[in-house]
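All remarks here apply to the structure that follows.
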Amino acid sequence: MDRVSRRTQVLSKHLLLRPPSDHPLGANPCLNYSSTELSEPSDNFDPEAMRALLDSHNLEDRDWLFGVMRQSHLFNPRSAAGRVFVSPDYNQSMQQQREMTMKRIAYLLDRGVFRGWLTEKGVDAEMRKFALFEVIGIFDHSLAVKLGVHFFLWGGAIQFFGTKRHHDKWLRDTESYLIKGCFAMSELGHGSNVRGIETVTTYDRNTGEFVINTPCESAQKYWIGGAANHATHTIVFSQLNINGNNQGVHAFIAQIRDADGSVCPNIRIADCGHKIGLNGVDNGRIWFDDVRIPRENLLNSVADVSPDGQYLSAIKDPDQRFAAFLAPLTSGRVTIAVSAIYSSKIGLAIAIRYSLTRRAFSLTPDGPEVLLLDYPSHQRRLLPLLAKTYAMNFAANYLKSIYVKRTPQSNKIIHVVSSAFKATLTWHNMRTLQECREACGGQGLKTENRVGHLKSEYDVQSTFEGDNNVLMQQVSKALLGEYLAVQKRNKPFEGLGLEHMNKACPVIPSILTSSTLRSSQFQMDAFCLRERDLLNRFAVEVLQHQKHGQSKEYSFILSYQLAEDLGRAFSDRAILQTFIEAEATVPIGSLKDILGVLRSMFALICLEEDAAFLRYGYLSTENATAIRKEVMKLCGELRPHALTLVRSFGIPDAFLSPIAFNWIESNSWSSTQH
């Protein structure tokens, strides 16, 4: 049916409606599926302009790669209701999924997707790599993780931990996949606590070789992506023992398979087995039995060992050396945070599109059923998550920008912000996917509809590249360090967005009107009030424990509740700041107006959901009630824009799912006959 005929049909249905009632719910007759593009009102802001603001960079490169994937049978195209969708076949066995991942990598490699990912330098090259990596993740998280291990972890370790001799020898062959790399940091007995890993490396001065050994079962390398089937080399993180002295954790290059795929001598590899998700990634376990590697395979940007066995490092303090050593690893947290937002976008685009065509219950015994998104309760479930996703999108863009412009002086800021955003954005993603799955009812359980399965695929993000709870504690610990340093130096706060601590304490009005609640100044004041008060409380509590004889570390552990509250406060305030800054770049008009509504929804839902605002008296119960009512108003205001807001994500229809479109036809009897 052409567009004109479909539009005529939709209009005829509207003309046949009964006279409107006084009910706030809009009820249209449920006859057949109507395309949301035809049945929803046209919007007054440009979705392409919004998409440019959200994606921020390399839009043409993104669209090119979407097209590259749609063109190949390797990306599992399938027809449903006159549309073609692409997504992995999760009905394949674990081994089949792994082999498909490698075939897709080979296809993308042949088409130049990875050109310059390791051999080109500069902000433009890094941003292009981020953009293409994000598009790959929209198709399949397994494919993105497999590539992330190879390029960002193995390749990134050589770039940042290595020196020219390593760059010249390894990077080009890595980019062309002559070498397949993995990253052996985590162990059975140690994950987040990298300093505690038990793998041991010694130096044999007689042969000029390092000797890597797995001394016990808890020291086996575990969850190593790529190790089970495909990787030829790995970065081994190990304690370095020189002349009986432990110099701490260092990184080494070791070969684990030869060119024909056979496991190298003195290496043992086992499969981690089937997982709840990411079965396209071959996670493995590695044991090293006195494996010998050349002295030159120590990645030596921070420390080195001379041919005669002398340990050399310009950084004498072990704590500072360890911090410098791990600083470059923030790239993993950056890509995880960003990919979590794109996953949320997929879930919301599908669930909101479904809610704009699916009806349930009627207002009168024989009346037409009501669209799901016309129920205020359904709006309340999805639209605040939509606003949060917009806010966190701007936060992810900010995180990328400070990462690609990093300097040694900015490493601490990047570590703190990436830790906070990685935790906040991945938690948000899991909550969003769960709500979207439920909002799609039984259809959300079908793998082909993506939303339910994405939960399993992305669940791991809460713990890999740093357990979220541990990361948030690191954030609070860093804020406490800044607080104590300022007290000691008697100088103002500078950095981490804490400059607001230098100003007078904000005051929340006793009566909050609608205009006040929607004011960015009020919103920032409320977030800053919470952050500064929690930081003060946290510092006082930790110092009190120390006065009573507890160690500094144990005092911090005892104050974990305030640490959690503070980490959340820092993250929310930083996210709101990025939203306000993004909004400020948009000229006055309809686009800026809808951004203001989204920003207010994000800010007010944070005020409503965090018990700290009531627990510590930042808000009265009357103000909390006013905020709750305003959230419902905002839901009603966002409802007419819901379709355009998810269209603005720029995700092609083929990368969504059948229930986002004609779910009746895609479930028809005729669809089963192909």
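Here are some notes:
- Odd one out for Val145, checked against (1) open to solvent by less than 20 Å² (accessible area, probe 1.4 Å); (2) among the β-branched types (Val, Ile, Thr); (3) in contact with a strand residue (DSSP E or B) (Cβ under 7 Å, 6 or more places away or on another chain); (4) under 30 Å from Ala660 (Cα atoms): (1)
- Highlighted here are the helices (runs of 4 or more DSSP H) found entirely within the stretch 565-662 that include at least 3 residues which are open to solvent by 30 Å² or more (accessible area, probe 1.4 Å): 590-609, 621-638.
- Pairs with Cβ under 8 Å, 6+ apart, first in the stretch 261-280 and touching a residue at least 60 places away in the same chain (Cβ under 8 Å), second assigned to a loop (DSSP other than H, G, I, E, B) and crowded, with 16+ Cβ neighbours inside 10 Å: Asn279/Tyr90; Gly280/Pro88; Gly280/Asp140
- Residue ID - farthest from Arg285 (Cα to Cα), chosen from residues in the stretch 178-190 that are open to solvent by 20 Å² or more (accessible area, probe 1.4 Å) and of a type in the set (A, V, I, L, M): Leu178
- Conditions (1) surrounded by 14 or more Cβ atoms within 10 Å (Cβ to Cβ); (2) under 26 Å from the mean Cα position of the chain (by Cα); (3) in contact (Cβ under 8 Å) with a residue 40 or more places away in the chain; number of the one not met by Arg104: (3)
- Failed item in (1) open to solvent by 10 Å² or more (accessible area, probe 1.4 Å); (2) touching a residue at least 40 places away in the same chain (Cβ under 8 Å), with Phe85 passing the rest: (1)
- Every test in (1) assigned to a helix (DSSP H, G or I); (2) open to solvent by less than 40 Å² (accessible area, probe 1.4 Å); (3) small (Gly, Ala, Ser) is passed by Gly466 save one, and that test is (1).
- Ser419 being assigned to a helix (DSSP H, G or I), open to solvent by 10 Å² or more (accessible area, probe 1.4 Å), farther than 21 Å from Asn662 by Cβ and out of contact with any strand residue (DSSP E or B) (no Cβ under 9 Å at 6 or more places or on another chain): no
- Any hit, the stretch 320-333, residues being of a type outside the set (A, V, I, L, M) and part of a strand (DSSP E or B): no
- Long-range neighbours under 6 Å by Cβ, at least six apart or interchain, first residue at pLDDT 95 or above within the stretch 571-587, second outside any helix (DSSP H, G or I): Ala574/Gly497
- Close pairs (7 angstrom Cβ cut-off, 6 or more residues apart or separate chains): without any contact (Cβ under 8 Å) to a residue 60 or more places away in the chain in the stretch 451-477, crowded, with 22+ Cβ neighbours inside 10 Å and among the β-branched types (Val, Ile, Thr) anywhere: Ser462/Thr426; Asn468/Thr426
- For Phe114, the requirement of being in contact with a Gly (Cβ under 9 Å, 6 or more places away or on another chain) and either of a type in the set (Lys, Arg) or not assigned by the TED database to the domain that holds Ser343 (or both) is not met.
- The stretch 244-281: number of residues that are loosely packed, with under 13 Cβ neighbours inside 10 Å, closer than 22 Å to Met185 by Cβ and either outside the structural domain of Thr201 (by the TED database) or among the small types (Gly, Ala, Ser) (or both): 1
- Scanning the stretch 509-541 for residues that are open to solvent by 60 Å² or more (accessible area, probe 1.4 Å) and modelled with pLDDT under 95 turns up Ser510, Ile511.
- Residue selected from the stretch 148-177 under the condition open to solvent by 10 Å² or more (accessible area, probe 1.4 Å) and not in a helix (DSSP H, G or I), by the criterion nearest to Gly112 (Cα to Cα): Ser176
- Residue count for the stretch 446-463, restricted to those that are assigned to a helix (DSSP H, G or I) and closer than 30 Å to Ser186 by Cα: 12.
- Residue match in the stretch 343-357 (condition: surrounded by 24 or more Cβ atoms within 10 Å (Cβ to Cβ), under 30 Å from Thr644 (Cα atoms), of a type in the set (Ser, Thr, Tyr) and under 17 Å from the mean Cα position of the chain (by Cα)): yes
- Checked against (1) more than 15 Å from Glu482 (Cβ to Cβ); (2) more than 29 Å from the chain's Cα centre (by Cα), Pro492 meets all criteria but (1).
The values are calculated or read from the model by the stated rules, or taken from the named source; none is laboratory data. Since the model is a prediction, treat every value here as computed from it, not as a measurement. Cβ coordinates were reconstructed from backbone atoms using ideal geometry, including for glycine residues, and neighbour counts include every protein chain displayed. These area figures cover heavy atoms from the full protein model, side chains too; ligands, DNA and RNA do not enter into them. Shrake-Rupley method; radii C 1.70, N 1.55, O 1.52, S 1.80 Å.
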